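The next block holds one structure in the form of structure tokens; read it before the comments.
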Amino acid sequence: MRKERDTKYLLFAGKGGVGKTSMAAATATALSEKGKKVLIVSTDPAHSLSDSLGKKVGPDEKKITKNLYAIEIDPQKAVGEYKEKIMPKVDSIDALRGLGLGDTFDMMGMTPGIDELAAMDKFLQYMQSHEYDYIIFDTAPTGHTLRFLSLPELMDSWVGKIIMIRMRFSGMMGMVKKILPFSKDEPDNDMGLEHLQAMKKRMEEARKTLSDPKKTTYNLVMIPEEMSILESERSVPVLRKYGITIGSVIVNQIIPSNPKCPFCTAKRRQQLGRMKDIKERFSGYKIKEVELMKEELHGLKMLSATGKGLVNNI
């Protein structure tokens, strides 16, 4: 029998190229070494989690170490599963258009961003898991992430409308069955309603979880450069709007002191000026500094060393 745990959720996001996947993987590795059962989930289409861990990660949960598990959500696979669950299996949409339901199917099958909706559906499923002490989400670059986090509210309204349409459609089944050949094993009154109702419930619970600081924290990852700082700063009011707590601001790729290197010294001086700016703009938040390494940060040994400094006070 599996142990049910009081799961906490850590989300990592930032501008592309700032090392958010490395910071998420380092945190996951360090927590797992402290005896916590951890799942790291990548929703970033770039799928750099495999490179960071130094092990191939796929669309199914994979055990990396004793306490560490990982998964990379495959957008195409997620879209396929999503459509299969919520779209009615009909052989002719044109016949339904004649009944005035054409807009309904356009809404369900042709909605812009259906890949994001599908990824959110997966995201919600993992938020229901009680198998892990921590579930860490390595998300897409900041702009996509903020849109992603707004989806529970949007989907709640959207799914509610679809449920109403499905109920109307279900009531017309007698008429539709005379027009369309349905599979024999397709329930007469199902048409995906059960999945939609379950999804709606998950979204309501997800909104509560995301806005509960005891359950969920959001970690902004940046580098000491103006564009990265500005993008992170713009995300703060959006996160506040959705009641999401910022757990820490991680400043990555800080050049270590090296008096023998004039270029390094000049660049570090510039970064230290940026650090002063960061501390002023993000005053009140926990700021964690990570130095730039000589080698690319990947593999469990390097991740563990970096992660030890990130998991303090988590």
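Is it the case that segment 237-244 has a residue that's touching a residue at least 40 places away in the same chain (Cβ under 8 Å) and part of a helix (DSSP H, G or I)?
The initial filter retains those residues of segment 237-244 that are touching a residue at least 40 places away in the same chain (Cβ under 8 Å), namely 238-239, 242, 244.
Still in the running and part of a helix (DSSP H, G or I): 238-239.
Yes: one or more hits.
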Within the set of pairs 6+ apart or on separate chains, which have a first residue in segment 41-69 that is over 12 Å from THR21 (Cβ atoms) and without any contact (Cβ under 8 Å) to a residue 40 or more places away in the chain, a second that is of a type in the set (Phe, Trp, Tyr) and not in a loop (DSSP other than H, G, I, E, B), and C-beta atoms under 8 Å apart?
GLU61/TYR69; LYS62/TYR69; LYS63/TYR69
State whether one or more residues within segment 2-22 are surrounded by fewer than 21 Cβ atoms within 10 Å (Cβ to Cβ) and assigned to a helix (DSSP H, G or I).
no
Of the residues VAL290, VAL251, which is under 22 Å from the mean Cα position of the chain (by Cα) and within 30 Å of THR65 (Cα to Cα)?
VAL251
Filter segment 255-301 for residues that are of a type in the set (A, V, I, L, M), without any contact (Cβ under 8 Å) to a residue 60 or more places away in the chain and more than 29 Å from VAL236 (Cα to Cα) and give the result.
ALA266
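Among the residues of segment 212-231, write down those that are polar (S, T, N, Q) and touching a Ser or Thr at 6+ places or on another chain (Cβ under 7 Å).
Kept after step one, since they are polar (S, T, N, Q), are these residues of segment 212-231: 216-217, 219, 228.
Those that are polar (S, T, N, Q) and touching a Ser or Thr at 6+ places or on another chain (Cβ under 7 Å): THR216, THR217, ASN219.
Among what's in segment 284-308 and is of a type in the set (Ser, Thr, Tyr) and farther than 15 Å from MET222 by Cα, pick the residue that is surrounded by the fewest Cβ atoms within 10 Å (Cβ to Cβ). Break it down stepwise before answering.
In the first step, residues of segment 284-308 are kept if they are of a type in the set (Ser, Thr, Tyr); the result is 285, 304, 306.
Restricting the remaining residues to those that are farther than 15 Å from MET222 by Cα gives 304, 306.
On the way: SER304: 15, THR306: 21.
Among them, the one singled out is SER304.
Evaluate the following for SER304: is it part of a helix (DSSP H, G or I), of a type outside the set (Val, Ile, Thr) and touching a strand residue (DSSP E or B) at 6+ places or on another chain (Cβ under 9 Å)? Give the steps one after another, and end with the answer.
Details: part of a helix (DSSP H, G or I): yes; of a type outside the set (Val, Ile, Thr): yes; touching a strand residue (DSSP E or B) at 6+ places or on another chain (Cβ under 9 Å): no.
No: the conditions fail for SER304.
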Quick check: anything in segment 248-263 loosely packed, with under 15 Cβ neighbours inside 10 Å, among the hydrophobic types (A, V, I, L, M, F, W, C) and at pLDDT 95 or above?
yes
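If we keep just the residues of segment 250-281 that are in a helix (DSSP H, G or I) and among the hydrophobic types (A, V, I, L, M, F, W, C), which is nearest to PRO224 (Cα to Cα)? Working first, answer last.
Of all residues in segment 250-281, those in a helix (DSSP H, G or I) come to 262-281.
With among the hydrophobic types (A, V, I, L, M, F, W, C) added as a condition, the list becomes 263-264, 266, 272, 275, 278.
On the way: PHE263: 16, CYS264: 14, ALA266: 14, LEU272: 8, MET275: 6, ILE278: 8 Å.
My answer is MET275.
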Residues of segment 219-274 classified as within 30 Å of GLU205 (Cα to Cα) and polar (S, T, N, Q), total
5
Among the residues of segment 264-272, are any in contact with a helix residue (DSSP H, G or I) (Cβ under 9 Å, 6 or more places away or on another chain) and of a type outside the set (Phe, Trp, Tyr)?
no
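The values are calculated or read from the model by the stated rules, or taken from the named source; none is laboratory data. Bear in mind that the values here come from a model prediction, so they are computed numbers and not experimental data. Cβ coordinates were reconstructed from backbone atoms using ideal geometry, including for glycine residues, and neighbour counts include every protein chain displayed.
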